[in-house]
Amino acid sequence: MPRRGLILQTRTHWLLLGLALLCSLVLFLYLLECAPQTDGNASLPGVVGENYGREYYQALLQEQEEHYQTRATSLKRQIAQLKQELQEMSEKMRSLQERKNVGANGIGYQGNKEQAPSDLLEFLHSQIDKAEVSTGAKLPSEYGVIPFESFTLMKVFQLEMGLTRHPEEKPVRKDKRDELVEVIEAGLEVINNPDEDDEQEDEDGPLGEKLIFNENDFIEGYYRTERDKGTQYELFFKKADLMEYRHVTLFRPFGPLMKVKSEMIDISRSIINIIVPLAERTEAFVQFMQNFRDVCIHQDKRIHLTVVYFGKEGLSKVKSILESVTSESNFHNYTLVSLNEEFNRGRGLNVGARAWDKGEVLMFFCDVDIYFSAEFLNSCRLNAEPGKKVFYPVVFSLYNPAIVYASQDVPPPVEQQLVHKKDSGFWRDFGFGMTCQYRSDFLTVVLLLQVDLTWK
């Protein structure tokens, strides 16, 4: 029994030893199979089937280094630009603060040259030189013109209405009211305390005293803003018992007002030749002559009328209307030119301008359906200058009275329809048919157009 148990124990021992050796061999073979290769062509971890050498890693490192250097250079450049912009902003803030301090020290519309820095005065004067105050500018078309808006002591006549503004209204905003009041006061200061270089003569009142103008002598004004330069103001003053007007031009170069000029304008002998091209429309001509009689013959009395009639139909009626006005009002200052051809407004204006043979004259190109007042005729005289200025008034166009007054049985008289309201009409700021200009300027433009067309 003991011998047989010993033999069994020995066999079991050798069996376990063999199993251990077999496991060790399998483990050794597994380690050899899974161990990473150490030669120069080792595979890149994570990539199967491609081999990379040392040159690849050096190129990769060099590329990364160049990328970071480029990024660093870009950041340094951005930092330098930010520093430069910050310095410029600091200088602008310092300049604005200096201007604010100068304004607080009492620089008014005339400019206190002792207190104001020379660079500030140079800037303000350069704004005037760049603006369209004393010199004109070349524009691509008539729509590039910056229009004027007119105002009186109580009302402002506005072109850009939008949805809330009205063509005629009292200034609601406080800044607009204060602006216009300041401008009128500055104009009065210029007139009542003129400089030596002002083109105006000292005038005395009836008792020999010095004439002093006040706000009640303000007739009308015009203003427009060039958004990159400043605001221009044209002011007109007149005493009730005098024919002379005082004209003051002011300019606000986004700062204090600066006087441009102050002059006296005598319009007592200024005749206006009203030129009306016409074809048929005799009923409208009857209404036109009624307004012409009231305004031009009875009030202004310095008007010549030129009617250029196209065609034969209605010509006798027009002659009869003019003869009736002559007999009733003893008015003979008119010219009737008859053209047997189709209506052409431009040709009619050209013929009407050349029909005048008494030298230079101020002309008003007018349509037969235009209603104007005596005040407008003075505005025509004040805003046109031979060789320098042409006046294009903006017409307020009325809607059809049959539609506006549809709720009434009969539309009101024409005089009651002449109101500036959103429901009654609109400013025709896109029309350039009505104009006040001198004859020599018109003929010069016509000649230039003829030369240009010939050249083409």
Based on this model, can you work out whether residue 298 counts as open to solvent by 40 Å² or more (accessible area, probe 1.4 Å), more than 26 Å from residue 344 (Cα to Cα), touching a helix residue (DSSP H, G or I) at 6+ places or on another chain (Cβ under 8 Å) and in contact (Cβ under 8 Å) with a residue 24 or more places away in the chain? yes
Residue pairs meeting the criteria (Cβ under 9 Å; at least 6 apart or on separate chains; first closer than 21 Å to residue 216 by Cα and of a type in the set (Asp, Glu), in the range 245-264; second modelled with pLDDT under 90 and assigned to a strand (DSSP E or B)): 263/199
The range 135-175, subset among the aromatic types (Phe, Trp, Tyr) and modelled with pLDDT of 80 or more, residue least open to solvent (accessible area, probe 1.4 Å): 151
Just the residues that are modelled with pLDDT under 85 and surrounded by 13 or more Cβ atoms within 10 Å (Cβ to Cβ), please, taken from the range 178-212. 198, 200
Where in the range 304-409 are there helices (runs of 4 or more DSSP H), lying wholly inside it, with at least 3 residues that are open to solvent by 70 Å² or more (accessible area, probe 1.4 Å)? 315-329
Output for the range 279-295, where each listed residue is in a helix (DSSP H, G or I), of a type in the set (A, V, I, L, M) and either loosely packed, with under 14 Cβ neighbours inside 10 Å or in contact (Cβ under 8 Å) with a residue 40 or more places away in the chain (or both): 284, 295
Just the residues that are part of a loop (DSSP other than H, G, I, E, B) and modelled with pLDDT of 85 or more, please, taken from the range 423-444. 423, 424, 432, 433, 434
Does residue 378 meet the test of being of a type in the set (S, T, N, Q) and touching an Asp or Glu at 6+ places or on another chain (Cβ under 9 Å)? yes
Give me the pairs: first residue in the range 129-146 and farther than 15 Å from residue 225 by Cα, second residue open to solvent by 90 Å² or more (accessible area, probe 1.4 Å) and among the hydrophobic types (A, V, I, L, M, F, W, C), beta-carbon distance under 6 Å, and six or more apart or on different chains, which are they? none
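The values are calculated or read from the model by the stated rules, or taken from the named source; none is laboratory data. Quick caveat, the model's predicted, so the values are computed rather than measured. FYI the Cβ positions are ideal-geometry reconstructions off the backbone, even for glycines, and counts take in every protein chain you see. These accessible areas exclude ligands, DNA and RNA; they are computed on the full protein's heavy atoms, side chains included. Shrake-Rupley method; radii C 1.70, N 1.55, O 1.52, S 1.80 Å.
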